[in-house]
Every structure is written in C-alpha cells, then in structure tokens.
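Structure first, then comments.
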Amino acid sequence: MEIKALKPAEMTADVIITGFFEDDKTLNDIQKFIDEKFNGAISKNILEIENFKGKFAETFALPVVDKKILAVGLGKKAEYNTDKIREIAAKTIKTAEKLSKTNSVAFNIQRAEGECGRTLGCNLALGTIIGEYDFDKYKSKKNENKIAKVEILTETPEAFADKMEKAKITGEAMNFTKDLIFEPAEYATPAKISEIATELAKENGLEIEVFGRDELKKMNFNAFLAVGQGSAQEPKFIHLKYIPENPKKKIAIIGKGITFDSGGLDIKPPASMLTMKTDMSGCACVLGVMKAISKLKPDVEVHALSALCENMPSGSSYKVGDVLIAKNGKTIEVDNTDAEGRLTLADALSYADELGVDEVIDVATLTGAVIVALGNTITGIMGNDDEFVKEIIADAKEAGETLWQMPILDDMQENLKSDIADMRNTGSRYAGASTAARFLQNFTNAKKWAHLDIAGTAFIDKSYKELSKGATAAMVRTLICHIIK
Ligand code: BES
Ligand code: MN
Ligand code: ZN
C-alpha cells in the first residue's frame, strides 16, 4: 500500500474521507476547499442530511462528479483523542473499499486536542494499514477492492514524511506478524519459521543463527528439548541479531515459540486446543519487531530469540514426574506437560544471560490465568524492576496498546516447591500468571527483565477498536516504540 501526505489541490483519490464531530460541524480549511471544489457538497448536502449525525465511526457517502465524499463521524469533541484516529481510519477504510473504483482514498481527519499533525499522519497511516489487513491466503476468492493508494491531506506534507514512514514500517511489521500467527501449525513448523526468519535476516541485513536438536543438546537446552521431544518436528532455536555501530544499549527480546500446543500428555480439551496454532505469537512478535528495526536502524543492539517446538503427546513425549536439568543447571520436576511455555522460555532466558545484555523482555502466550485476570484487551506485564516495568507500560500507551502490571513476590516460589527437584513447573490454581512469571525469574540474572503475557491479547475472537478479529500482532508496536524512542 502506498501512503503519502500531500496538499489538497494535488489529491487524485476518488474517495475523500472527511471527519465531522457530533457537536461541532465547523468546516476546517480542507473541508472548505472540498466544499468549494464540489459546489457546496458539504455545506448544502452533508451538513443538511438528517441521517448523518457525526456519531463515532458513522459514515455517509455522497457522490460528487467523478468522486465520492465519505463523511465519517468522530463523535463528541470532548471524547475524541489520538487513539480514536487509528480506529476511525481502520473502520472507514473498509467502507471506502466498496466505494472506490480506483482503489484509492484521501483522508481529511481532525487532529485531537494537543496532537501535532505529524502524530495525526502517523495514526492515520497505521490505522489504515491495520484496517486493510486480512489473511486470505487460503481463500479461493480474494478481495479485489483493497485500497492500494492512500493520500493524507495536509498543507504541510514535508513535515509528515519521517514519522509516517515509521508508522508504515510498524504497520507492515504487524501484518508480517499476523500472517505468521494465522498460518496453520502444519505449515508454520519450527523448521519453516526458521527458514522465514533466515530469509528475513538476509533481506534486511541482519545476522542469524539457527540451532537444531544436536547443537541444542550440546548447549544444554534440556528443558526446551524435553517439551519438543514428543513431536515429529525437530525443535529449532533462532537467534537474530541487529548490531549497529556504537550501540547505546544492548537488549534481548524473547518470543515464546510453541508452534502447536496440544498440552502434551496432559492433553487439552478440544475447545482449549482450538487456537493453539497461535502459541507462537511471541515468536511472531519478535520477528516482526526485527523486521521493523532493521529498516528503522536505531542505535540499540537487539537480539531476538525464540525456542521453537511443538508440544505433542506420543510415545516419546516428556512425562509428568520427569526431572529436567535446565540450561542454567537448576532442576525442574514436570508437574504438568501443558505448562510447557515456561520450560522453553527458561532455557531461552539463560541463553540471553550469556549474551550480556542490559535488558531482557519476553513475550509469551503463557497462561490462561492472565485471560481470567485481564481479558482480551490488556496484556499482563511482570518484572524484576518496577521502574523498567513502568517505562514499558508508558511505551505501550504511546504505541496505542494497554499493559497492566501484575505482581511477582519472592514467596510465590513456595508454590513451586518440589519434593525431589529444585522446583516444579506449576503452582496452585490461583495467581497463575504471577506464578508462571515467578518460575521464569529463576532463569534470568538480567538486572532489567520484563515478561509480557499475551495469552489473552495475541488472538481475539471479536474485533476491538482498530483490531479486527484473529491475530492482533500484540506488543509489536510497544516493543518498536520501546526500542526507538
Ligand atoms: N499456551 C497455553 C496458554 C494459553 C491459554 C494461551 C489460552 C492462549 C490461550 C499454555 O501453554 C498453557 O497451557 N498454560 C496452562 C498452564 C497450567 C497447566 C499451569 C494454563 O494456563 O492453563
Ligand atoms: Mn500449554
Ligand atoms: Zn502453551
């Protein structure tokens, strides 16, 4: 999709999207220009029409000569804010698809109070890219009406360029992440995802290492390998590197990469297994982030890690009661084979320690408990440094995502007591998200470590704001924002 900012007089699109508040319909300068150009189409028609009130996301289309004006409601002025702009863009772009003959639109949407035009352009670009996404690879009938060209109307297009480019790169990274999550597990195996990551590295000038079973054995990734041992698919560990000259800090981002979570011998009931191809959403997230930063080139060194495997029941599966010696030497008694993510992350966290990074952030569809606590729109964040956690919460807000901190207390380790090993991999039924985080904490020595539990937010069953149902690319925006401030 081509997105650019231009002056109203240079517009070529055949659908012109323009915003109106419910309680203030004063025309802005661009609307005055449109109104004049099309003989009072706004002042004499749209503003007079009874059934267009300007309610949030309400639309009304008016044909004018060879174009269409698509009026969109912005709701009450006092309730309008910068986050709503992405939602407006994402929703109206779908309506515009059906109206445009040339697959092109122009946007004239009001700024929120205190918002600069550049942020507006950024939100419109991002909202449009997110809104246009759909995963139609396996549909025989594709959508032929997709918008290919977006023009953002402004009197100062030069000022928009750099920020809009960042928004575009972010949006495209999110779409890349979504594609990976939507893919069936039969396609997106550990080997296939490693290939995709290798291609990504080649295309974008990143370094990559991929380790297979034999190397992983030598490197003592025993907890990780145990999870993957019941599957016909070979586990793979990927390590992507973005290394700029003179980086101001060095960070690791780790994504949970279970390409299918059947639960293993503690097999899941059918309803719980339905979406388990998405249990690699953390991996898809960090790959999307790497794609974006390879283009945005920040002065931060970033290592993206993912331990990829399937959790399957078979004659070779790991069993309840097994004792695993994790990469860092700590022993774990397997209490439940469905608490597999934390075992794979444990070894990935130890590997990150060996890289000597300043910060470690893991992103994982880790617990059903976080969904019970926070639902499908809020990601849980836990960590070992409150200031660091606060910083990431602020980055998420800036990026348009919501994080909420949950506690980790030292005494939660009590829950994880095992009679025969250093710990077991599950605790009591309660405080499941925090207990899982406490487990992970045993495997990192990082001064700043944060754990983002995206089990509820990575894949949603109904649309929410600018997000359509299905894969959301949760935390891609937040991590990009954290790395590039
Ligand atoms: N992948 C699941 C968590 C999950 C649940 C992700 C729902 C997305 C939607 C994870 O591996 C899991 O099975 N967790 C168990 C842990 C339990 C056995 C301690 C859970 O939360 O039920
Ligand atoms: Mn599981
Ligand atoms: Zn899982």
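The values are calculated or read from the model by the stated rules, or taken from the named source; none is laboratory data. Just so it is clear, the model here is predicted, and its values are computed rather than measured. Please note: Cβ atoms are built from the backbone with ideal geometry, for glycine as well, and neighbour counts cover all protein chains shown. When the accessible area is computed, the model is the full protein with side chains, heavy atoms only, and any ligands, DNA or RNA have been set aside. Shrake-Rupley method; radii C 1.70, N 1.55, O 1.52, S 1.80 Å.
Give segment 173-224 a look and list any residue that's of a type outside the set (Lys, Arg), surrounded by fewer than 17 Cβ atoms within 10 Å (Cβ to Cβ) and in a helix (DSSP H, G or I), or say none.
Selection gives Ala191, Glu195, Thr198, Glu199, Glu203, Asn204, Asp214, Glu215.
Give the residues of segment 270-325 that are within 16 Å of ligand 3 (Cβ to nearest atom), of a type in the set (D, E, K, R) and under 19 Å from the mean Cα position of the chain (by Cα), sorted by residue number.
Within segment 270-325, Lys277, Asp279 qualify.
If the requirement is being free of Cβ contacts under 8 Å to residues at least 12 places away in the same chain, in the same structural domain as Met312 (by TED's automatic domain parsing) and not hydroxyl-bearing (Ser, Thr, Tyr), which of these qualifies: Glu391, Glu401, Glu354?
Glu354
If we scan segment 292-301, do we find a residue that is within 15 Å of ligand 1 (Cβ to nearest atom), closer than 23 Å to Glu195 by Cβ and in the same structural domain as Asp385 (by TED's automatic domain parsing)?
No, there is no match, as no residue in segment 292-301 is within 15 Å of ligand 1 (Cβ to nearest atom), closer than 23 Å to Glu195 by Cβ and in the same structural domain as Asp385 (by TED's automatic domain parsing).
Quick test of your reading of the structure: Leu366 fulfils all but one of (1) in contact with an Asp or Glu (Cβ under 9 Å, 6 or more places away or on another chain); (2) under 17 Å from Ile258 (Cβ atoms); (3) away from ligand 2 (no atom under 16 Å from the Cβ); (4) not in a helix (DSSP H, G or I). Name the failing condition by number.
Against the list (1) in contact with an Asp or Glu (Cβ under 9 Å, 6 or more places away or on another chain); (2) under 17 Å from Ile258 (Cβ atoms); (3) away from ligand 2 (no atom under 16 Å from the Cβ); (4) not in a helix (DSSP H, G or I), Leu366 comes up short only on (3).
State which residue pairs qualify: first residue within 23 Å of Glu398 (Cα to Cα) and inside segment 146-168, second residue at pLDDT below 90 and open to solvent by 50 Å² or more (accessible area, probe 1.4 Å) in any location, beta carbons under 7 Å apart, and separation of 6 or more residues or different chains.
Qualifying pairs under 7 Å: Ala159/Arg118; Phe160/Arg118; Lys163/Arg118.
Considering only segment 140-159, I want to know if a residue exists there that is in a helix (DSSP H, G or I) and touching a Ser or Thr at 6+ places or on another chain (Cβ under 6 Å).
no
Hey, any hits in segment 281-291 for a residue that's open to solvent by 20 Å² or more (accessible area, probe 1.4 Å) and either part of a loop (DSSP other than H, G, I, E, B) or among the aromatic types (Phe, Trp, Tyr) (or both)?
Checked segment 281-291: no residue is open to solvent by 20 Å² or more (accessible area, probe 1.4 Å) and either part of a loop (DSSP other than H, G, I, E, B) or among the aromatic types (Phe, Trp, Tyr) (or both).
If you go through segment 249-268 one residue at a time, do you hit one that is away from ligand 2 (no atom under 16 Å from the Cβ), surrounded by fewer than 20 Cβ atoms within 10 Å (Cβ to Cβ), at pLDDT 95 or above and over 17 Å from Ala458 (Cβ atoms)?
Yes: one or more hits.
Among what's in segment 323-363 and is in a loop (DSSP other than H, G, I, E, B) and within 15 Å of ligand 1 (Cβ to nearest atom), pick the residue that is surrounded by the fewest Cβ atoms within 10 Å (Cβ to Cβ).
Result: Asn336.
What's the total number of residues in segment 1-26 that are more than 18 Å from Glu58 (Cβ to Cβ) and either among the basic types (Lys, Arg) or part of a loop (DSSP other than H, G, I, E, B) (or both)?
8
Taking the stated definitions as given, is Glu310 surrounded by fewer than 24 Cβ atoms within 10 Å (Cβ to Cβ) and either among the acidic types (Asp, Glu) or in contact with a strand residue (DSSP E or B) (Cβ under 9 Å, 6 or more places away or on another chain) (or both)?
Taking the combined requirement at face value, the residue does not satisfy it.
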